[in-house]
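To start, the structure under review is shown below, and the notes come after it.
The values are calculated or read from the model by the stated rules, or taken from the named source; none is laboratory data. Since the model is a prediction, treat every value here as computed from it, not as a measurement. Here the Cβ is made from the backbone with ideal geometry for all residues, glycine too, and neighbour counts use every protein chain on show.
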Amino acid sequence: MDGIIHSFESLAAVDGEGLRYSVFLAGCPIRCAYCHNPDTWEMMGKKITPEELVKKIGRYKVYFGNNGGVTFSGGEPLLQAQFIKACVPLLNDAKIPYVLDTSGQVELTEDVQFLLKNAQDVLLDLKFPTNDAYRTYTGGSLNKTLSMLVYLEKIGKPTVLRTVIMQGINDSTDYLDLYLEKIREFTCIKKYELLPFHTMGFFKYEKLGIKNPFAEKTAFAKEKLTELQLYVNNKIKKEG
Ligand code: SF4
């Protein structure tokens, strides 16, 4: 079966450990108001077979070192779980590990469980700490993300949680406490990363003729983000 790919990025030092080759798969089931990749939403892009994709990734293997590999991102990569599953034996043969970068907004089908189990690490978005906020700002649900987190805990999968911080929405320590309450019990979380809202994707909304709900917002200040990250790290340390 073919995969539908939005784009590739070679050797990014983000989206997982080590030097990574990122594959951005097309299609997303939700619509985050702060999304900087609205061009990945539709299931449109370049078609590729698992063999072609793994061959392409294999060209970069020499740079991966001990911790690198491929990161499947999106959009929401798990919308194409069957395709990624078809890549896994080929990646295993080539000794290339993969990381999944997911919104958690998918059903835990057998294919999805297989992919979570076999991933090197999972990067999971925890977008908001309540179902109401999820609905308002993403059209998705907190319950789905928590179900995935429960599964990751059950299989003991190292998980990096990520939250985008936006001014006036989720940037108070009181509001961050709500996130921390939700994740207190989970020992699979090896890191909780706050990411700053940025405006680099604004031009894509204009280009696509899509209304940008956050067009008036500015990029989140780095210094403030550092403060909030410190707050979260200290709280996690204290509770752990
Ligand atoms: S899950 Fe990711 S790609 Fe989908 S709308 Fe949200 S931020 Fe954009």
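Within the stretch 174-222, work out how many residues are in contact with a helix residue (DSSP H, G or I) (Cβ under 8 Å, 6 or more places away or on another chain), in a loop (DSSP other than H, G, I, E, B) and not charged (D, E, K, R).
Total meeting the criteria: 7.
All but one of (1) within 23 Å of V164 (Cβ to Cβ); (2) away from the ligand (no atom under 11 Å from the Cβ) hold for K47; which doesn't?
Unmet condition: (1).
When the residues of the stretch 104-133 are filtered to those that are part of a loop (DSSP other than H, G, I, E, B), aliphatic (A, V, I, L, M) and within 16 Å of the ligand (Cβ to nearest atom), which remaining residue is nearest to L195 (Cα to Cα)?
My answer is L126.
What about G18, is it surrounded by 19 or more Cβ atoms within 10 Å (Cβ to Cβ), at pLDDT below 95 and either of a type in the set (G, A, S) or over 16 Å from the mean Cα position of the chain (by Cα) (or both)?
In short, no.
Can E76 be described as within 11 Å of the ligand (Cβ to nearest atom) and without any contact (Cβ under 8 Å) to a residue 60 or more places away in the chain?
It is true that E76 is within 11 Å of the ligand (Cβ to nearest atom) and without any contact (Cβ under 8 Å) to a residue 60 or more places away in the chain.
Mind checking whether some residue in the stretch 84-103 is within 13 Å of the ligand (Cβ to nearest atom), closer than 24 Å to N143 by Cβ and touching a Ser or Thr at 6+ places or on another chain (Cβ under 7 Å)?
Yes: one or more hits.
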